[in-house]
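Everything below concerns the one structure shown next.
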Amino acid sequence: MPDESHFATAPELVPVPDDYAPYSRTSLKQYQERYRRSIEEPDAFWTEELRRLDWIKTPTEISNVNWDPDNLSIEWFADGVLNVSYNCIDRHLDQRGNDVALIWEGDNPGLHSAITYRQLHNHVCRMANELKKIGVTKGDRVTLYMPMIPEALYAMLACTRIGAVHSVVFGGFSPDSLAGRIKDCESEFVITADQGVRGNKPIPLKENVDRAIEIAGGVKAVLCVRHTGADIGWVEGRDFWHHELTLQVDANCPPEPMNAEDPLFILYTSGSTGKPKGVLHTTGGYLLWAAMTFDTVFEVERGEVFWCTADIGWVTGHTYLTYGPLANGVTTLVFEGIPTYPKADRFWEVCDKHKVNVLYTAPTALRALMREGDALVEAHDLSSLRLLGSVGEPINPEAWAWYHRVVGKGKCPIVDTWWQTETGGCMITPLPGAHDLKPGAASKPMYGIEPALVDGEGHFIEGEGELTGNLVIKRSWPGQMRTVYGDHKRFAETYFSTYRGLYFTGDGARRDADHYWWITGRVDDVLNVSGHRLGTAEIESALVEHVDVAEAAVVGYPHDIKGQGVYCYVTLNAGVEPTAEMEAELKAHVRKEIGPVATPDVIQFAPALPKTRSGKIMRRILRKIAENQLDALGDTSTLAEPGVVDDLVANRPQG
Ligand code: PRX
């Protein structure tokens, strides 16, 4: 996290740059009027908005929502019928068939390709027919475990074409994590590739799939894309090569008419307790939210290139890499590699090479690239950039200022978009051209979004001037998740019970006197490590699965590049030595159990953990020690054994 001096590096208010005027589609006045209408006349507002999509049957019902946790039900456009792949491909064919739908840039800088909407149609129809051929039918869950190659998007769209529900699992997750996700949604089909490549290193995707299937069971068929050509294991009768099946199927596949409330996809995300939840999004509301927010926030015109650097394993890769751009018929860039390969100028090289107009990335990447110096950016022609976006975590003012000055040359607005897997798309963000920017502020609510602040007891914190509290949303919006797959009770408990009848985001926020919103970070036991969400409970349970571990507690602490780092307190079983080897082994163990994103940064061996007399671990104290705020430990008198804390403080690893 930045120290105090970093806050001096960004101005408090950055007016909309004059250079942006030619691109701006929404003035402040227009935003205010549309926002007012979205709140005061929602039915009229959404009746107009839903024209953004092509419906097989246009809905007449707008919303039917009950946020009472005992009767929780959320429906939007319930009598509407449509197909997502039709909206993302077919309807553009007449006018934009030869426009580039996606540009692919390989990990190897020598590899790239461009796929037009017509070609996309062909690929997606074929893959949809391949899925049918291996037995996938409407409503089936299909797990995707893919590298960032065009086939990943074909696979998502192919599922939507036939009404199958995709569940994309990030390619960096371990076989165990993949197995858990396959099992949870009883997925009988997996789409993968032989290998992925990132930073010139192979990722054994198919091998991981084979191991995951051994653990999870129940998988009937695997469709495998040949990407690197590596030798891989093969199960006859279960595994199918995409490049072989594609020759056997028709290039036409009629889009399946789907009800607006039919499930579209499941995406697993971490919460404060238990295993990751399957966030379920449905067809009509999600697609409209993706299409509307993409268009409103990024204002991408035909012929422009939009680059979202997120992996499709995360929600940003769903909404702003895939569905938002394609529903709007523009060009999306798919990048297979990492920002630092072959050199730490790869992002800038790609922006220059493909003449990227809008770049949407995460603060963690910016912080890492900022360290490499300005010369790497300045070596490339970035004059095509007109707008920059940030997502995933609060952006510190120093990174904001660097992004604005060095990358955007002072002429590009920065849209700092706050949202969540659960919200489907942007919720609080400035609109370029409409809002003067405040570095670090997510700024203003999207149309239809009514944010509010509550205190610990659920009382609204209201009034003029600056306010701080827990961030809740007061009314439903089309892109809202509909349930936790297979566990509606958990959905109600997690989001609607803390503050009855309100959607609780899990984030803290501040609203300043100008009514700009600032997200201050999670207020629950969820970590945000390099923009990736991790539950402390998941890491703890991975640690205690190790034979030598008796107990573990995990907290976050400020980390310069990652935003938050993973700090683990571990009590070993009696007789086991807390050695450097054991530390390395535990780090490797968590990597193996969950995936590299969860690798602990710090392991502190602790003879005991601080607990209340009723046996509850005092996380507040553990957080303070991890943050090195040793004079802010607070009252330790309620602890069962106060001496435990002294020991932790005395033995805190340095650095
Ligand atoms: O804490 C907030 C943070 O990321 C969380 C959501 O994570 P996830 O579901 O993985 O989605 C990430 C991509 C949308 C939020 O609860 N977060 C996301 N965007 C921002 C942010 N925090 C501050 N500013 C943001 N722009």
task = Enumerate the pairs (first residue in region 314-333 and open to solvent by 10 Å² or more (accessible area, probe 1.4 Å); second residue anywhere and among the acidic types (D, E)) with beta-carbon separation below 6 Å, excluding pairs fewer than 6 apart on the same chain, so at least 6 apart or on different chains.
result = N328/D295
ask   = Of everything in region 504-554 that's touching a Lys or Arg at 6+ places or on another chain (Cβ under 6 Å) and at positive phi, which residue is farthest from the ligand (Cβ to nearest atom)?
value = S530
query = Which is polar (S, T, N, Q) and open to solvent by less than 60 Å² (accessible area, probe 1.4 Å), of T137, T116, T60?
reply = T116
request  = Residues being farther than 20 Å from L385 by Cβ and away from the ligand (no atom under 16 Å from the Cβ): count how many of those fall in region 302-338.
outcome  = 5
ask   = Within region 490-508, is there a residue that is among the acidic types (D, E) and under 20 Å from the mean Cα position of the chain (by Cα)?
value = yes
task = Quick one: in region 495-513, of everything that is open to solvent by 30 Å² or more (accessible area, probe 1.4 Å), free of Cβ contacts under 8 Å to residues at least 60 places away in the same chain and not hydrophobic (A, V, I, L, M, F, W, C), which residue is farthest from Q32 (Cα to Cα)?
result = T498
key: Single residue of D94, D19 found to be among the acidic types (D, E), surrounded by fewer than 16 Cβ atoms within 10 Å (Cβ to Cβ) and under 30 Å from A260 (Cα atoms)   = D94
task = Confirm whether Y341 is touching a residue at least 24 places away in the same chain (Cβ under 8 Å), within 20 Å of L437 (Cβ to Cβ) and either open to solvent by 10 Å² or more (accessible area, probe 1.4 Å) or of a type outside the set (S, T, N, Q) (or both).
result = no
query = For C412, all conditions in the list (1) within 16 Å of the ligand (Cβ to nearest atom); (2) touching a residue at least 40 places away in the same chain (Cβ under 8 Å); (3) open to solvent by less than 40 Å² (accessible area, probe 1.4 Å) hold save one; what is the number of the exception?
reply = (1)
ask   = Do you know which of the residues in region 379-409 that are within 8 Å of the ligand (Cβ to nearest atom) and open to solvent by 10 Å² or more (accessible area, probe 1.4 Å) is farthest from G479 (Cα to Cα)?
value = P394
message = Can you say whether E336 is surrounded by fewer than 22 Cβ atoms within 10 Å (Cβ to Cβ), of a type in the set (D, E, K, R), at pLDDT 95 or above and farther than 23 Å from R161 by Cβ, as far as the supplied structure shows?
response = yes
query = Could you list, in sequence order, the residues of region 421-444 that are within 11 Å of the ligand (Cβ to nearest atom) and open to solvent by 10 Å² or more (accessible area, probe 1.4 Å)?
reply = T421, G440
request  = Assess whether R52 counts as being touching a helix residue (DSSP H, G or I) at 6+ places or on another chain (Cβ under 7 Å) and surrounded by fewer than 18 Cβ atoms within 10 Å (Cβ to Cβ).
outcome  = yes
task = Could you identify the single residue in R490, R510 that is over 18 Å from M618 (Cα atoms), in a helix (DSSP H, G or I) and out of contact with any helix residue (DSSP H, G or I) (no Cβ under 9 Å at 6 or more places or on another chain)?
result = R490
key: Of residues in region 63-91 being within 27 Å of the chain's Cα centre (by Cα) and of a type in the set (G, A, S), the one least open to solvent (accessible area, probe 1.4 Å)   = S85
task = Can you give me the number of residues within region 595-614 that are under 25 Å from D635 (Cβ atoms) and open to solvent by 40 Å² or more (accessible area, probe 1.4 Å)?
result = 4
inquiry  = Can you list the strands (runs of 3 or more DSSP E) lying wholly within region 145-263 that have 2 or more residues being within 27 Å of the chain's Cα centre (by Cα) and touching a residue at least 24 places away in the same chain (Cβ under 8 Å)?
reply    = 165-168, 189-193, 196-198, 201-203, 221-225
query = In region 270-301, what residues are open to solvent by less than 10 Å² (accessible area, probe 1.4 Å) and in a strand (DSSP E or B)?
reply = K277, G278, V279, H281, T282
Among the candidates A537, A542, A550, residue that is open to solvent by 40 Å² or more (accessible area, probe 1.4 Å), in contact with a strand residue (DSSP E or B) (Cβ under 9 Å, 6 or more places away or on another chain) and more than 23 Å from I395 (Cβ to Cβ) = A550
request  = Please specify each residue of region 175-192 satisfying the condition of being surrounded by fewer than 24 Cβ atoms within 10 Å (Cβ to Cβ) and basic (K, R).
outcome  = K183
request  = Specify the residue that is surrounded by the most Cβ atoms within 10 Å (Cβ to Cβ); the eligible residues are those in region 484-494 that are within 24 Å of E393 (Cα to Cα) and touching a Leu at 6+ places or on another chain (Cβ under 9 Å).
outcome  = V484
query = If only one of A379, A362, A368 is free of Cβ contacts under 8 Å to residues at least 60 places away in the same chain and among the hydrophobic types (A, V, I, L, M, F, W, C), which one is it?
reply = A379
note = For region 336-373, the count of residues that are in a helix (DSSP H, G or I) and closer than 24 Å to W419 by Cα equals 8
message = Restricting to region 350-366, name every residue that is under 23 Å from G531 (Cα atoms) and out of contact with any strand residue (DSSP E or B) (no Cβ under 8 Å at 6 or more places or on another chain).
response = A365
ask   = Tally time: how many residues in region 26-42 are open to solvent by 90 Å² or more (accessible area, probe 1.4 Å) and either farther than 25 Å from K438 by Cβ or part of a loop (DSSP other than H, G, I, E, B) (or both)?
value = 1
message = Tell me yes or no: at least one residue of region 356-373 is of a type in the set (D, E, K, R), within 23 Å of the chain's Cα centre (by Cα) and either at negative phi or open to solvent by less than 10 Å² (accessible area, probe 1.4 Å) (or both).
response = yes
note = Going through region 227-251 in order, the residues found to be among the polar types (S, T, N, Q) and open to solvent by 40 Å² or more (accessible area, probe 1.4 Å) are T228, Q248
ask   = Out of L453, L471, which single residue is surrounded by 24 or more Cβ atoms within 10 Å (Cβ to Cβ) and within 16 Å of the ligand (Cβ to nearest atom)?
value = L471
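The values are calculated or read from the model by the stated rules, or taken from the named source; none is laboratory data. It should be emphasised that the depicted structure is a prediction, and the values quoted were computed from it without experimental measurement. Methodologically, a virtual Cβ is constructed for each residue, glycine included, from the backbone with ideal geometry; neighbour enumeration extends over all protein chains shown. Areas reflect the complete protein model, heavy atoms only, side chains present, ligands, DNA and RNA absent. Shrake-Rupley method; radii C 1.70, N 1.55, O 1.52, S 1.80 Å.
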